[in-house]
Every structure is written in C-alpha cells, then in structure tokens.
1. Name every residue in segment 1-50 that is touching a residue at least 24 places away in the same chain (Cβ under 8 Å), under 20 Å from E181 (Cβ atoms) and either surrounded by 12 or more Cβ atoms within 10 Å (Cβ to Cβ) or away from the ligand (no atom under 12 Å from the Cβ) (or both), in order of residue number.
2. Is it the case, given these coordinates, that G65 is at positive phi and touching a residue at least 40 places away in the same chain (Cβ under 8 Å)?
3. Out of the residues in segment 164-173 that are touching a helix residue (DSSP H, G or I) at 6+ places or on another chain (Cβ under 8 Å) and crowded, with 23+ Cβ neighbours inside 10 Å, state the one that is farthest from L111 (Cα to Cα).
4. Considering segment 165-180 alone, what residues qualify as being without any contact (Cβ under 8 Å) to a residue 24 or more places away in the chain and either within 11 Å of the ligand (Cβ to nearest atom) or under 30 Å from A68 (Cβ atoms) (or both)?
5. Looking only at segment 68-86, decide whether some residue is of a type in the set (S, T, Y), in contact (Cβ under 8 Å) with a residue 40 or more places away in the chain and farther than 25 Å from K191 by Cα.
6. Return only the number of the condition from (1) within 10 Å of the ligand (Cβ to nearest atom); (2) touching a strand residue (DSSP E or B) at 6+ places or on another chain (Cβ under 8 Å); (3) of a type in the set (D, E, K, R) that D103 does not satisfy.
7. Tell me which strands (runs of 3 or more DSSP E) are completely within segment 1-111 and hold 2 or more residues being β-branched (V, I, T) and within 24 Å of L196 (Cα to Cα), or say none if there are none.
Amino acid sequence: MAPRTLVMATRNPGKVRELAELLRDLEVRLLSLADFPELPEIPEEGETFAANAAAKALAVARLTGLPALADDSGLEVDALGGWPGVHSARYARDRTHPAAPTDDDNWRKLLEEMREVPEGRRQARFVCEIALAWPDGRLWRARGECPGVIARQPRGSGGFGYDPVFFLPEMGVTMAEVGLELKNRLSHRAKALAALRELLAARRGEWEGESAAPA
Ligand code: ITT
C-alpha cells in the first residue's frame, strides 16, 4: 500500500511545529512546504481567513498531487475594528519596513496602536480556518477561535507571532508562557483541527480510501 501522505501547506515554522504535534497520532507521513522549495509563492488576497485557507490548500494539493492542509489564521482586536485580522502576518509592513515584518515588529506595532486603549476594552481573539483539499478539488474546512486580551507588555518565549502579547485572563499568563502542550489544547488551531477531525469522522465514507486519512 502506498504511504499515506499529507502536506501542511504552510511556510510558517511555528504553525508546522504545532500542526505536526496535533497530527502526531495519525498514521500519515507529514510534509510541509519546506519539502517543496520549488513551489511558487501562493498569493493570499482573500478578504477572509476561510478564502485564504481554501486557496492555499487547493493550490498546494494541485501543485503537489497530494492532499494538503492549510491554516489561515490571525488576531482580531475589537478596539481596532477586527484588525489586524487577515493582515496579521504583514501588519507592521509600511514604508520603513517594506520587507516581510518579523513577529516582533508586528506585536510592537500592536502594543503601540493599543497604548491608549484602557483595561476592559482590550478584548481580542485568535482565529484559525483550516482547509483540507484533495488534488481533485474536493475541500473540507473548519474554524476555531481562542479569546483573550491584549497585554501591555510582552511576556514569555514560547509559541510564535502575537503569543507574547496575547493574555489569557483565566490562566493569568500569555500564550507565549503556556508551553506547546497546553497551547495545543486551547488554541484556535487546536479547536479548528478538532472540528475538522469531527467532520471527517462523521463523513468517513466520503473520503475513505484516499491517500490521507486524517481522522
Ligand atoms: P503561511 O501562509 O505560510 O501559513 P503565514 O505566517 O503567512 O504562513 P498567515 O497568513 O495565516 O500565515 O498569517 C498568520 C499570522 O497570524 C502569523 O504570522 C501570526 O502573526 C498570527 N498568528 C496566527 N496564529 C498564531 C498563533 O497561534 N500565535 C500567535 N500568532 C499567530
């Protein structure tokens, strides 16, 4: 029987680390875009997480001929009208930072934008849309959210992206302080993947026999 393989359609090493751990129990060979250096950049021009995740998963499935799992995610901050949202990865890009900003550039800009926002109005949520595409164009998707508030100072060194400034009030720590195991129990990514696995388990007959069996 051919090896069952799934491509994680991402170039973000933080996502690869978390997804690989979340999918560890599956009998699936996991690849990521690091294994396909020749693939072109896939433009993320959608206005929603769902549209971007679907576009990434479908493009990578078509280009590799393998089932592909994409994650489009970001941070929605109420006081900023939902920004940075789908712009999260490029939030700090401007004339002085024309190249891809680093995670630190992005959260520093966020703290600056939030400087005048009082306690009690700093609610935010991480959002993750997961899309799983087959090379023939079939697509499955699911969403997960994780609520929190924007801290005033960064804390912690785990995770990636905005984790150091994303405070979890019930736990009294930032997402960068909880460690991979706990993050993978409460994060937006973990919830989206759990929802996808439930969907796939409920509709097993529709994909069984494919080259990846993510349920
Ligand atoms: P790929 O498109 O290659 O997957 P990317 O980093 O460009 O990588 P997105 O367009 O989905 O991915 O942007 C996601 C951004 O949202 C990411 O760069 C972080 O800034 C932020 N983000 C998403 N999930 C996060 C998490 O779990 N913790 C902290 N920040 C997160």
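Each reported figure results from applying straightforward, stated rules to the coordinates on display, with no laboratory input. Only a predicted model underlies this, so the values are computations on that prediction, with no experimental measurement involved. Backbone-built Cβ (ideal geometry, glycine too); neighbour counts: all protein chains shown.
1. Result: M8, N12, G14, K15, R17, E18, L19, E21, L22, L23, L26, L30.
2. Working: at positive phi: yes; touching a residue at least 40 places away in the same chain (Cβ under 8 Å): yes.
So G65 fits the description; yes.
3. Step one: filter segment 164-173 for residues touching a helix residue (DSSP H, G or I) at 6+ places or on another chain (Cβ under 8 Å), giving 164-165, 168.
Next, only the ones that are crowded, with 23+ Cβ neighbours inside 10 Å stay: 164-165.
Numbers: P164: 11, V165: 8 Å.
Among those residues, the one meeting the criterion is P164.
4. Selection gives T174, A176, V178, G179.
5. Let us first name the residues in segment 68-86 that are of a type in the set (S, T, Y), namely 73.
Narrowing the set further to residues that are in contact (Cβ under 8 Å) with a residue 40 or more places away in the chain leaves 73.
Now restrict to residues that are farther than 25 Å from K191 by Cα: none.
No.
6. (2)
7. On the way: elements: 5-8, 29-32, 68-77.
Strands (runs of 3 or more DSSP E) meeting the threshold: 5-8.
Here is a yes/no grid of residues against (1) without any contact (Cβ under 8 Å) to a residue 40 or more places away in the chain; (2) within 21 Å of A190 (Cβ to Cβ):
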{"residue": "G120", "(1), (2)": "yes, no"}
{"residue": "L132", "(1), (2)": "no, yes"}
{"residue": "R138", "(1), (2)": "no, no"}
{"residue": "E145", "(1), (2)": "no, yes"}
{"residue": "D163", "(1), (2)": "yes, yes"}
